[in-house]
Amino acid sequence: QQQVKQSPQSLIVQKGGIPIINCAYENTAFDYFPWYQQFPGKGPALLIAIRPDVSEKKEGRFTISFNKSAKQFSLHIMDSQPGDSATYFCAASLYPNDYKLSFGAGTTVTVRA
Amino acid sequence: DTAVSQTPKYLVTQMGNDKSIKCEQNLGHDTMYWYKQDSKKFLKIMFSYNNKELIINETVPNRFSPKSPDKAHLNLHINSLELGDSAVYFCASSQESLVGGELFFGEGSRLTVL
């Protein structure tokens, strides 16, 4: 049973567009929500993470929005570039008491030049 | 200098064979993991070791056996390979005492069972 539901499965945007990836969870005990970015042929790498005590976090062109009451969080990629084309995974865990991250199914983002 | 390295990167073998994948991390982390990524890119945790002790053992066929000779190494041995074992296997490490517990992944080992 997947504990984190991620959508859409894939999306295509033009350069400069804002791809948005949504994730939802059920376990209210989750308190750490990272996003990982994976390029073809590489392992996933941490992109940005958020704790439930904040509603938004920005790092460069990447922004996480977090809605605790709705148990949803999303990733926005501002001014997207072709180099952002990758698969993005949301995840959740019971940090710091749980070593296990529950990953979403992944979203493949393609940014066309 | 590669932080998490896995060998081999590619592995093609016949059904029924036994194979191993090796992983080493030079980050000084205390926790290591094996993840399986299927053809739909879904990442599923298989095992985790903390200071050489098995702490996560998901529902994985007992044909899969991890071994951690020391904190820096975690190997995966697979017996009697089946077609459904074809996937990319990722090793990862983290330092649980650090805020965030960021996972550092290797580049993956693509296993193809014919």
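The values are calculated or read from the model by the stated rules, or taken from the named source; none is laboratory data. Given the structure is predicted, the values throughout are model-derived calculations rather than measurements. FYI the Cβ positions are ideal-geometry reconstructions off the backbone, even for glycines, and counts take in every protein chain you see. Only protein heavy atoms, including side chains, enter the accessible area calculation; ligands, DNA and RNA are left aside. Shrake-Rupley method; radii C 1.70, N 1.55, O 1.52, S 1.80 Å.
Tabulated data
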read-out: Averaged over A:42-50, number of beta-carbon atoms from partner chains that fall within 10 Å; value: 5
read-out: Ranking by accessible area, most exposed first, for A:His76, B:His29, B:His77 with a 1.4 Å probe; value: B:His77, A:His76, B:His29
read-out: Test item: B:33-41 mean partner chain Cβ contacts at 10 Å; value: 3
read-out: Rounded to the nearest 10 Å², the accessible area of A:Lys15 at probe 1.4 Å; value: 120
read-out: Rg ratio (alpha-carbon, reference 2.2 N^0.38 Å) - region B:4-113; value: 1.01
read-out: Simple spin-label estimate for B:Val12 and A:Ser69 in nanometres, 7 Å along Cα-Cβ; value: 5.7
read-out: Over chain A: Rg over Rh, Cα atoms, Kirkwood Rh; value: 0.96
read-out: Label-point gap, in nm, between B:Asp70 and A:Val54 - each point 7 angstrom along Cα→Cβ; value: 3.8
read-out: Peptides ranked, highest mean first, by Cβ atoms within 10 Å: ranges A:59-71, A:20-32; value: A:20-32, A:59-71
read-out: Computed over the protein assembly as shown, Cα set: Rg, Dmax in Å; value: 17.6, 51
read-out: Chain B: most fluctuating residue of B:Lys22, B:Lys44, B:Lys71 per GNM, C-alpha cutoff 10 Å; value: B:Lys44
